[in-house]
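The values are calculated or read from the model by the stated rules, or taken from the named source; none is laboratory data. Owing to the predicted nature of the structure, the values given are computational and were not obtained by experimental measurement. FYI the Cβ positions are ideal-geometry reconstructions off the backbone, even for glycines, and counts take in every protein chain you see.
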Amino acid sequence: MKNINLRRKIFFLSILLLINAESLFSNVNSDNDNYSNFIQQPIKGVVTDSEGLPLPGVSIVVKGTSNGVQTDFDGNFSIEAQSEDILVFSYIGMETLSVEVSDASDSINISMQESASELDEVVIIGYGSQKKSDLTGSISSLDGGDIAKFNVGNASQALMGKMAGVRIESNGGGPGASSNIVIRGVSTFTNTNPLFVIDGLFTDSMDFLNPADIESVQILKDASAAAIYGSRAANGVVIIKTKSGEGANGVFVDFESSVGTQSLIKKLDWTSGPEYAKFRNEIADLNGRDRLPGFNELYDGTTSTIVEDYAISDAPVYNSSFRVYGGSDKIRFNVSANLYDQEGIVKASEYKRKSIRANFTVENKKFKLSQNFAITNTFERPNTIWNLGNNILPTIPFYDSNNDGGYGAAALLIHGTDGVNHLGKSMLWDRHYERNNLFEGINMEYEITDNLVAKVNTGLTYTSAKNNTFIPTFFMSPNLDANLSKAEAREYTTEAYSLLAEATLDYSLQIDNHDLNALVGSTIQQNTTKVKGVIASGFPSNLINQISAAEQIQIGVGDKYVSSLESVFARLNYNYDGKYFLSGTIRRDGSSRFSSDNRYGVFPSAAFGWIISKEKFLENNKTISNLKLRVSYGELGSQEIVDYAYIPVLNLNSDGVFGSGQGRSPGISQTVFANPNLVWETTKTTNIGVDVGLFNNRLTLTADLYDKVSEDILVELNIPPSSGTNRPVAQNAASISNKGFELAANYRGEVKGLSFSIAPNINFLKNEVLGLGTNVSPITGGAFMGINATKTDIGTSVGSYYGYEVIGIYQNDQEIASDGAKADPNAQPGDFRYADTNRDGTLTADDQTNLGSYIPDMEYGITLNLEYKNFDANLFFNGVSGVEIFNFAKTKNLFGYGGNNIIKDALNYWRPDNTDTNIPRLSGGAGNNRASSFMVESGDYFRLRNIQVGYTLPKETIESIGLRNCRVYLSAQNLFTITDYSGYYPEIGRGQADEERVVDNNNTLFYAGTDQSTYPTPRQFLLGLQLGF
Amino acid sequence: MKKYLTLVLSFLFLLGCEDDFLDESNPNTMTPDQFWQSEADALSAIVGAYSPLSNIFCHGRIFTGITQVLSDAVRQQGDFSYRASIFNLQPAQGNSHRNGWEEYWKVIFRANNVLEFVPNIEMDNSNKDNILGEALFLRGYAYFNLVHYFQNIPLVTSPAKSLEETQQPQVEPSLVYDQIKADLTSAISKLPNTWSDDNKGRVTSGSAAGLLGKIHLVLGEYSNAATELKKVIDGTYGTYELDPDYSNNFKESGDNNIESLFEIQFDNTGAWTAGWGADVPSTARYYSYVNDLSRTAVNSWVLDLFLEEATIDGEIDPRAYSTIVWDYPGAKYYGVDFTEKYSNELKDNAKHSVSAKYSFPNVNAKTPAMNTEAVNKKIIRYADVLLMYAEAENEANGPTNGAYNAINEVRNRAKMADLTPGLTKDQFREKVRRERVLELTLEDMRQIDLMRWGQYPKRIIDNPDFRNGELFYVQGREYFPIPQVEVDTNPNIVQNPGY
């Protein structure tokens, strides 16, 4: 019933849209450019400020040309221009002026107004907009222009390091790699991503966006800014507006294309075939075993297969986009298309994105309608297994035509192990993820009176994500992972659609010095997800790979999840005299994820702002042009837990085998407990901020100090297995604190025609788990090759590494004997000596300790923009400090001999004649291959993330061929990275290496920072061309 | 103006949304109140209670693997570093003992649900009794495994109704054994002697009686054991006989054969790629994993024992070839010469032997697909009943004719001569204990036997080479640790001594 109601409402609203349509489409015409007389004439004049004082050093340029001069000390200028030319007057701290040269006059006197600059910028806030100067919350903004300078496959990566307090971790460097966006620290255990509001619609991700379509990004960081989104906003809110035809009169065409190449930044020092054979023979000799024939009599002595050589090669990247936009005063449009095609530097990996966007706005008197439509198709082949635990041994040729599939692998009797050639496997498997995203939003606005505006916003997003794999028959060895006698097709599809309908009433009133804005609204949303999957096996040939052709359907699954949200909200913004600001928001949310008794949560917030610089004592201060204090407190909710968790359920798949035919009998059981007491998770944030503008706002500073505490965190937790179930149960349990300090600055200056801006930002964060709930075991994660890397416990930060502390290597039996019970019972000379951290005199599991975490203590970024004549440059540096990586590669590359190649460091293992080393004796791992400080390394880095240098061709050159704009640029990503990390690259994200992995990072929080088989981040060079017509 | 009025009205309509918009029911599965209505529900529920036994964590692979290597007969071999984690006995890291803990508790919880809800279902009374009897048996069997391997466990006889009720305290082991005996006694009276062909493999009164006899034996209640087991031998619970072909017990052709009182049912249809766990669509229900079972080394004293006494035809005990592979003429290991496969091991020990039971690498030319077998796994078979009876009778009444007849029946099938008459009680005891090794090695019984004979852990301590690598015996650790997850989530649990 309720679905029908929702549908009815949306249908009803769409009809309303049509009522007005006929009167909207009129007078659409573009301005025709006419170039009349080309008579050059000197134009003279004086430039003064608003108080009539002359302004020296003002830059005056004839628009579209490189023809420019500066005013002298008395504000005088003289410039060659012709009738109808536009003169652009610019000066730091002043509003830029454009003046058209008229036929009649050869002198222009200009009075420039102080720009309230950034402070007058309008910032999009929830369900409205506000002047930046009026903000009381903590909001970071990023202009589309900044994103455009950074060519990335995934739009979110362009935000990395740009905004203080917004951490973007890329999940490795694979093509189109997704990112985790964490605003002001991890404050929950499930989905840490913020809420994305794209053109008014709520989405879980911004991955489907073409970065070039983004006009602006605002990130609401504190509770008062985000409170209007109440239930969804505990992780912060990212508001994205896509480009429209706003401000454009006429029809314009932009085209951009770039091509580039990517390459591996760092190679590892793998052992060669002969080195490896020698090493294996040493092991055999040491243990008194026969040398294995594969390294001895059957080894040709020259074969040297280095996986890296087969896996990695330079790879191209190509990006092309096209945009037509424009309009008149009644209708505006923006249509764009984009094609992005990136091959990975690792074999069998690629990412392609195709997108189309069409935004229209029509206005008629008091009525305004806009619609935003986008379709995106992405095709991804990730290669998460190329460097997994087992791989080809360097003494074996990579290819072997005797094997089905054609790849070589170790053989038990020859090499002592049934090998797996994981790189070969990744090349054999046809595995891809394909997503289709459909996005349609409709906004309507009607001015009921001058003070009262009604808005209706409806929309639909639809995603279908296919995760398909076809595994042909192949044979490498009898190892379970290394052969398949019946080809297998695995096809999973997840379809998700979300319907949204909301309405707001916005009332504004200005009386004398009182400025009031009130907003009330309601919103309903319904999300439906349907998952289907089939595994089928047995195909007539490896070329036939569709399910219908399979001998047997091995598994078929289908599940559907529906969740609904219903909310009402109100906000009051008041200011007195533009000096004192007060803002209050309250939102009540209802969610279908909680039982009817616990369904609703109320989330209030309040904020206060004071522009001190407008007070008398600072009013005419020459240095301080702006000083504002902001204080806020608010509570936000989160409902991020699986659907239906409060409803008890039975498991229909507990079948059994019975009967003489040994068939399956259906079985039903209870395999999980429900929790009817689930309530909203709440995050409480206190924020104190200062905005400072100095020297006519040439230098601006924004500093924020926050204290954020999340309580009743929704998390699925183990219950005693003696209950008869071992599946975790959704509970409100933990609490997490994030305290931080953020500072962002911007300095703009001009020296001899070189204008520049430098915008550094830095933030410090302390993340701490305050509690885990009663009878809750610490959460372990990051499991790989039998080792758990992380443990989240009270007093640690989320996902901290946990293990033994290595304090050296036992050099002889005496050392072991003198340690007594503090030594591992199996310890031998050459083994790790572990610290008895709890000083109980015995080495036990309790001696494992916190070994650091992937959460940086400090993160910083610097954006530098330079413009000189027709040249421009954009440099972006970023860095992290106080971050650790759990390098599983050490397990694999130092202890994992037997299954894969090792790095040369492994040859330096401890032996009586080689004691000065930090690599333990050969022990097959065992006591040395544990989670320990040996595996943990600093992940600090500083890098030139992006540099782009552009040249804009002079207007007179290109106008003759009908161009409006022509710019060429060269850019490089990760040109240098300063790091001590020994693995491929310190950008790990939440990489969980798993053959079956679906790209879904919500469940891998506790894997963060563990380098299992992370895709190396490449270096990239690009050449690009932008054309405007 | 009218159209704008419509807009405002629609706006107000949107604000006033109806309440049930937020009621979403789960379309994917049933809720308990929709269940427990019919005979079909009762049947599904009892199948659900059997279900954990045949998954990979329990008898399918993991727990079987770890309990097997506890004994003096079996040790792990090879350079499989992953085994360090699979078979690591540390409570904090342990995976495998945790698996047994979890799976047997699932059986108990599901049986408790059946015992709680099925009595209220309107259905055929004898079918209802049968199902309740199965639940009682399964609960007893699961409790026996838990109390034997973990010793200090909670005793839960009705399902938890809320999360709070899931935190149960440990009880004296004797109380658990009392419950097991009560459950099995009650089960005997409720269970049928046999099932129709369609239902083969469900437990019978014979299963319950056999297990009850075994429990008595474990507790040293020999006279009760003898009485109970005698009833099985006398056919009180239907006919049980030895399969003429010993090896048939460990092959698919011997699934639910005449010798079987209780066995874990396996098939060969599930997709392991879909998850080796349980309770998911198309769960794999295979027996074992070649690496764990057929690559298990069997300590040489077992081979010595087989070679000690020839058959009446002067041959090697035929049971040897169904139990182990060693360096006998023509011995193969999945098509490869045994001597080639184990050249290094044979250099250290000419009697190196590996397990053959269930997987038969000496017969099969290739490893099976996915390294798994569909063959059912025997838990109680008639040969065991005969040997247990012989032992109990001897302990209670001395080596009576009945005791001789029982052990000789087992020996005769293997073409071994009758025992010499006139043995003393002690001599007879040794003969039975010896026979149990020859007959039952690799059937998960040896450690239980050593324990009840008071030879565990002494025999392991005296012979350090019986266990190796990560499985070295640590003093005081006769029982598994209570899995850390239980300790962490249940405030009423105290860790076992030694950990």
Would you confirm whether or not region A:737-758 contains a residue that is at pLDDT below 90 and farther than 30 Å from A:Leu627 by Cβ?
yes
All but one of (1) within 30 Å of A:Ala496 (Cβ to Cβ); (2) of a type outside the set (Ser, Thr, Tyr); (3) assigned to a helix (DSSP H, G or I) hold for A:Leu423, so report the exception by its number.
(1)
Of all residues being aromatic (Phe, Trp, Tyr) and touching a helix residue (DSSP H, G or I) at 6+ places or on another chain (Cβ under 9 Å) in region A:557-599, which is farthest from A:Thr493 (Cα to Cα)? Just the residue, please.
A:Phe581
Give me the pairs, please: first residue somewhere in region B:477-499 and closer than 12 Å to B:Asn152 by Cα and away from chain A (no Cβ under 12 Å), second residue anywhere and assigned to a loop (DSSP other than H, G, I, E, B) and of a type in the set (Lys, Arg), beta-carbon distance under 9 Å, and either six or more positions apart or on two chains.
B:Asn496/B:Arg477; B:Pro497/B:Arg477
Here is a list of conditions, (1) touching a residue at least 60 places away in the same chain (Cβ under 8 Å); (2) surrounded by 17 or more Cβ atoms within 10 Å (Cβ to Cβ); (3) not acidic (Asp, Glu), and A:Met206 meets all of them except one; can you say which number that is?
(1)
Taking the condition touching a Phe, Trp or Tyr at 6+ places or on another chain (Cβ under 7 Å), touching a residue at least 12 places away in the same chain (Cβ under 8 Å) and outside any helix (DSSP H, G or I), does B:Leu423 pass?
no
Those residues of region A:802-811 which are within 35 Å of the chain's Cα centre (by Cα) and closer than 24 Å to A:Arg921 by Cβ, in sequence order
A:Gly803, A:Tyr804, A:Glu805, A:Val806
Selected residue (criterion: surrounded by the fewest Cβ atoms within 10 Å (Cβ to Cβ)) from residues of region A:540-553 that are in contact with a Phe, Trp or Tyr (Cβ under 9 Å, 6 or more places away or on another chain) and within 14 Å of chain B (Cβ to nearest Cβ):
A:Glu551
Is at least one residue of region B:23-46 within 7 Å of another protein chain (Cβ to nearest Cβ), buried (at least 22 other Cβ atoms within 10 Å of the Cβ) and at pLDDT below 90?
no
Please determine whether any residue of region B:433-456 is crowded, with 20+ Cβ neighbours inside 10 Å, modelled with pLDDT under 95, over 30 Å from B:Val375 (Cα atoms) and not assigned by TED's automatic domain parsing to the domain that holds B:Ile324.
yes
Flag if B:Thr157 is surrounded by fewer than 18 Cβ atoms within 10 Å (Cβ to Cβ), outside the structural domain of B:Thr67 (by TED's automatic domain parsing) and either at pLDDT 95 or above or aliphatic (A, V, I, L, M) (or both):
no
Given the residues A:Ile903, A:Ile862, which is the only one that is out of contact with any Asp or Glu (no Cβ under 7 Å at 6 or more places or on another chain), more than 14 Å from chain B (Cβ to nearest Cβ), touching a residue at least 40 places away in the same chain (Cβ under 8 Å) and of a type in the set (Val, Ile, Thr)?
A:Ile862
Is there a residue being away from chain A (no Cβ under 14 Å), assigned to a loop (DSSP other than H, G, I, E, B), surrounded by fewer than 24 Cβ atoms within 10 Å (Cβ to Cβ) and in contact with a Leu (Cβ under 9 Å, 6 or more places away or on another chain) anywhere in region B:220-239?
yes
If you go through region A:735-746 one residue at a time, do you hit one that is on the phi < 0 side of the Ramachandran plot, more than 11 Å from chain B (Cβ to nearest Cβ), of a type in the set (Asp, Glu) and crowded, with 20+ Cβ neighbours inside 10 Å?
yes
Unmet criterion (only one of (1) at pLDDT 90 or above; (2) in a loop (DSSP other than H, G, I, E, B); (3) of a type in the set (Lys, Arg)) for A:Lys162:
(1)
Being part of a loop (DSSP other than H, G, I, E, B) and within 14 Å of another protein chain (Cβ to nearest Cβ) is the filter here, so list the residues in region A:820-830 that pass it.
A:Asp824, A:Pro825, A:Asn826, A:Ala827, A:Gln828
Top-ranked residue in region A:293-346 [being assigned to a loop (DSSP other than H, G, I, E, B) and among the β-branched types (Val, Ile, Thr); ranked as surrounded by the fewest Cβ atoms within 10 Å (Cβ to Cβ)]:
A:Thr302
Taking the criterion of being of a type in the set (Gly, Ala, Ser), over 25 Å from A:Val776 (Cα atoms) and touching a Pro at 6+ places or on another chain (Cβ under 9 Å), would at least one residue in region A:682-700 satisfy it?
no
Which number in (1) free of Cβ contacts under 8 Å to residues at least 24 places away in the same chain; (2) part of a strand (DSSP E or B) marks the one condition that A:Ser722 misses?
(2)
Given (1) within 36 Å of the chain's Cα centre (by Cα); (2) not in a strand (DSSP E or B), A:Ala745 misses just (2)
Looking only at residues that are among the polar types (S, T, N, Q) and within 14 Å of chain A (Cβ to nearest Cβ) in region B:179-210, which one is farthest from B:Glu263 (Cα to Cα)?
B:Ser196
For strands (runs of 3 or more DSSP E) lying entirely in region A:586-687, having 3 or more residues that are more than 7 Å from chain B (Cβ to nearest Cβ) and touching a residue at least 40 places away in the same chain (Cβ under 8 Å) picks out A:600-611, A:624-638
Just checking, does region A:560-574 include any residue being surrounded by fewer than 16 Cβ atoms within 10 Å (Cβ to Cβ), within 14 Å of another protein chain (Cβ to nearest Cβ) and part of a strand (DSSP E or B)?
yes
Out of region A:365-418, which residues are crowded, with 18+ Cβ neighbours inside 10 Å, of a type in the set (Phe, Trp, Tyr) and touching a His at 6+ places or on another chain (Cβ under 9 Å)?
A:Trp386
